[in-house]
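Visitor: Below: one structure in structure tokens.
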Amino acid sequence: MPQENPKEKLRENLERVLRRIERSRLGYDAHHIVSLVAVSKYHSKEEVRALYEYGQRAFGENRVQDLRAKCEALDDLPLEWHFLGNLQENKINALLALRPSLVHSLDSLKLAQAIQKRLGDRKLRMLLQVNPTNETHKNGVSVEGAIELYEQICAECPNIILEGVMCIGENSTDRRVIEQGFARTRDVFDSLQHKGAKILSMGMSEYFEIAIAYGANLVRIGSRLFG
Ligand SMILES: *Cc1c(COP(=O)(O)O)cnc(C)c1O
């Protein structure tokens, strides 16, 4: 038996995930386009490089220091970096210096104001993180407060370009609970069309096909890609 080649395994994982995304998006709507962010936290820069060679461009990290290490180690590649994690105010400058393509985890007016203050004349693309079932251990704003907060950030923070909403899947094995979380986040997204919301970031390795069935157009997948 030939030894299993780890790069070959990554290629197979990527192909399998892309096939599943393709099937799900066609099931939703032939015109629906879904982006894939490969979540590389817990994985090495060599693995990121391998996925890049197989065509993947967008990667996500959830800690500023890990993002910085990967950005620096891979700055010869034209990668698109997404920041997904809880952002502490004392890390804002460090994050901005890395010029992330999109930050998915804005969850308060206070954080938005702190970022606005540090942006100067730069701009930052962000998503509002929603916590659709108000699970207390999770970041994100309630569905009830999301619309008002989104509008307030748009009004008060002109250098933050809010482009949509993100949610983390429910911590449950009950499919109805999972679906309810996605459906509620989708409702928030639909209510923000007048504000130009265009990105609905939901779905991780476990339930990304369900997320796409509820209209997700960006999925964040880690373990199913990297193994
Ligand atoms: C880790 C992480 C993911 C990916 O999770 P997997 O289950 O490994 O696919 C997606 N989104 C966020 C915010 C994460 O922290």
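The values are calculated or read from the model by the stated rules, or taken from the named source; none is laboratory data. Note that the structure is a prediction, hence the values are computed from the model and not measured. Neighbour counts run over all protein chains shown; Cβ positions are idealised from the backbone, glycine included. Quick note on the areas: whole protein, heavy atoms, side chains included, nothing else; ligands and nucleic acids left out. Shrake-Rupley method; radii C 1.70, N 1.55, O 1.52, S 1.80 Å.
Visitor: Which is at pLDDT 95 or above, crowded, with 23+ Cβ neighbours inside 10 Å and polar (S, T, N, Q), of Ser223, Ser201, Ser205, Ser191?
Guide: Values: Ser223 fails: crowded, with 23+ Cβ neighbours inside 10 Å; Ser205 fails: crowded, with 23+ Cβ neighbours inside 10 Å; Ser191 fails: crowded, with 23+ Cβ neighbours inside 10 Å.
Exactly one residue qualifies, and that residue is Ser201.
Visitor: How many of the residues in segment 24-35 are exposed (fewer than 12 other Cβ atoms within 10 Å of the Cβ) and either within 27 Å of Ala69 (Cβ to Cβ) or of a type in the set (D, E, K, R) (or both)?
Guide: 1
Visitor: Looking at Cys167, is it within 16 Å of Ser105 (Cα to Cα), open to solvent by less than 60 Å² (accessible area, probe 1.4 Å) and more than 16 Å from the chain's Cα centre (by Cα)?
Guide: On the way: within 16 Å of Ser105 (Cα to Cα): yes; open to solvent by less than 60 Å² (accessible area, probe 1.4 Å): yes; more than 16 Å from the chain's Cα centre (by Cα): no.
Taking the combined requirement at face value, the residue does not satisfy it.
Visitor: Can I ask one more? Please find, within segment 89-103, the residue that is surrounded by the fewest Cβ atoms within 10 Å (Cβ to Cβ) out of those that are within 16 Å of the ligand (Cβ to nearest atom) and over 14 Å from the mean Cα position of the chain (by Cα). Outline the logic, then answer.
Guide: Within segment 89-103, the subset within 16 Å of the ligand (Cβ to nearest atom) is 91, 95, 100-103.
Narrowing the set further to residues that are over 14 Å from the mean Cα position of the chain (by Cα) leaves 91, 95.
On the way: Lys91: 17, Leu95: 20.
Applying the filter and picking the extreme gives Lys91.
Visitor: If I filter segment 166-186 for residues that are within 24 Å of Lys123 (Cβ to Cβ) and away from the ligand (no atom under 13 Å from the Cβ), do I get at least one hit?
Guide: For segment 166-186, residues within 24 Å of Lys123 (Cβ to Cβ) and away from the ligand (no atom under 13 Å from the Cβ): absent.
Visitor: Say we look at segment 36-68 and pick out the residues that are within 13 Å of the ligand (Cβ to nearest atom) and of a type in the set (S, T, N, Q); which of these is surrounded by the most Cβ atoms within 10 Å (Cβ to Cβ)?
Guide: The selected residue is Ser40.
Visitor: Still on this structure, I have one more. I want to confirm something. Restricting to segment 170-188 and keeping residues that are open to solvent by less than 10 Å² (accessible area, probe 1.4 Å) and in contact (Cβ under 8 Å) with a residue 40 or more places away in the chain, which single residue is nearest to Gln152 (Cα to Cα)? Can you show your working first?
Guide: Start the filter on segment 170-188 by keeping residues that are open to solvent by less than 10 Å² (accessible area, probe 1.4 Å), which leaves 178, 181-182, 185, 188.
Those left that are additionally in contact (Cβ under 8 Å) with a residue 40 or more places away in the chain: 181-182, 185, 188.
Details: Gly181: 24, Phe182: 23, Thr185: 18, Val188: 15 Å.
Per the criteria, the residue is Val188.
Visitor: Also, I was wondering about something else. Given (1) within 16 Å of the ligand (Cβ to nearest atom); (2) of a type outside the set (Lys, Arg); (3) surrounded by 15 or more Cβ atoms within 10 Å (Cβ to Cβ); (4) farther than 17 Å from Ile199 by Cβ, identify the lone condition not met by Cys71.
Guide: Answer for Cys71: the failing condition is (1).
Listed here are the residues, each with its yes/no results for (1) among the β-branched types (Val, Ile, Thr); (2) open to solvent by 10 Å² or more (accessible area, probe 1.4 Å); (3) within 16 Å of the ligand (Cβ to nearest atom).
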residue	(1), (2), (3)
Leu87	no, yes, yes
Ser105	no, no, yes
Ser108	no, yes, no
Met126	no, no, yes
